[in-house]
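The block underneath contains the structure these notes are about, expressed in structure tokens.
The values are calculated or read from the model by the stated rules, or taken from the named source; none is laboratory data. It should be emphasised that the depicted structure is a prediction, and the values quoted were computed from it without experimental measurement. Using ideal geometry, Cβ is built from the backbone for each residue, glycine included, and neighbour counts are taken over all protein chains shown. Ligands, DNA and RNA are stripped out before the accessible areas are found, and what is left, the full protein with its side chains, is counted by its heavy atoms. Shrake-Rupley method; radii C 1.70, N 1.55, O 1.52, S 1.80 Å.
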Amino acid sequence: TKPIKAALIDISGTVHVGKYPIPGAVEACRKLLAAQNIKVMFLTNTSKLSSASLMNQLKEMGFELPESTNAIMTSVSATRDFLIQNNLRPFCLLEDELIQAEFGGLSMDDPNCVVVGLAQSKFKYERLNEAYRLLLKLKEERQKAETQRREDDQPNKKQKLHDGDSKDCEGYLD
């Protein structure tokens, strides 16, 4: 058998429920974290709390976690990494505290994507409508770019006429 190299541990419902640790979870995590040859990462799909807030919450329950917030991967921190890797500027439907904590260095000027999380204070008609309009605009821009790309890839589909270029019938049948 091969030795265990890493442990990925779900947080909510696995090591704690609400504000209380599951019996034995604190001790099990302590032993895993003490093992020199096992990398440990805690995972959660919550979009309500920052990694730092989750870290504090777990410490209050008695978990002894490393100081690095890299020990916790949330859906929001994974989203942040994806946004950075793909040069995306989000329009966020997230709580302000979470945006400040997790998206602090990201540009949100001229957004080119929408990020939605559990943010009850942001689920207002105006904000949802703003996100919807942005998505429609981005879709239209992508369709125009795709149409232009197709036309650029098929320069022989145009005919020269005395009053300018004209699409050949074949171009409309693609």
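Accessible surface computed residue by residue for the chain, with neighbouring protein chains in place and a 1.4 Å probe, gives 70 Å² per residue.
Using a probe of 1.4 Å on the protein chains alone, the accessible area found for D153 is around 100 Å².
Take every Cα pair under 8 Å whose residues are at least 6 apart in sequence, average their separation, divide by the length of segment 73-117, and the relative contact order is 46 percent. Distance between the 7 Å Cα→Cβ label points at A7 and D110: 4.8 nm. If a/c stays under 1.5 just call it rounded; otherwise compare a/b with b/c (prolate if a/b is bigger, oblate if not). Do that for segment 1-150, with a ≥ b ≥ c from the square roots of the Cα gyration tensor eigenvalues. Prolate, because a/c is 1.5 or more and a/b exceeds b/c.
Note on segment 1-107: lysine pairs with Cα distance below 27 Å, sequence gap of 8 or more or different chains, count 14. Of the listed residues I84, I38, the order by accessible area with a 1.4 Å probe, largest first, is I84, I38. Rounded to the nearest 10 degrees, the inclination of helix 75-85 to the longest alpha-carbon principal axis of the chain is 40 degrees. For M61 and Q143, the difference between the fully extended length at 0.36 nm per residue and the C-alpha to C-alpha distance is 24.4 nm. Compute the angle between helix 25-34 and the longest alpha-carbon principal axis of the chain, please, reported from 0 to 90 degrees and rounded to the nearest 10. Computed tilt is about 80 degrees. Considering only the chain, what is the antiparallel percent among its DSSP beta bridges, to the nearest 5? DSSP beta bridges in the chain are roughly 30 percent antiparallel. The C-alpha atoms of the chain define a longest principal axis, and helix 51-60 lies at about 10 degrees to it. Return the carbon/sulfur percentage of the accessible area of the chain, one whole number, probe 1.4 Å, all protein chains in place. Here it works out to 53 percent. Label-to-label distance, L33 versus E151, with points set 7 angstrom from Cα along the beta-carbon direction: 6.0 nm. Solvent-accessible surface of protein heavy atoms, probed at 1.4 angstrom with all chains present, puts V116, V40 in the order V116, V40, largest first.
For the listed peptides 52-64, 15-27, a ranking on the average number of other beta carbons within 10 Å per residue, highest first, reads 52-64, 15-27. If a/c stays under 1.5 just call it rounded; otherwise compare a/b with b/c (prolate if a/b is bigger, oblate if not). Do that for segment 3-88, with a ≥ b ≥ c from the square roots of the Cα gyration tensor eigenvalues. Taking the square roots of the gyration eigenvalues as a ≥ b ≥ c, segment 3-88 is oblate.
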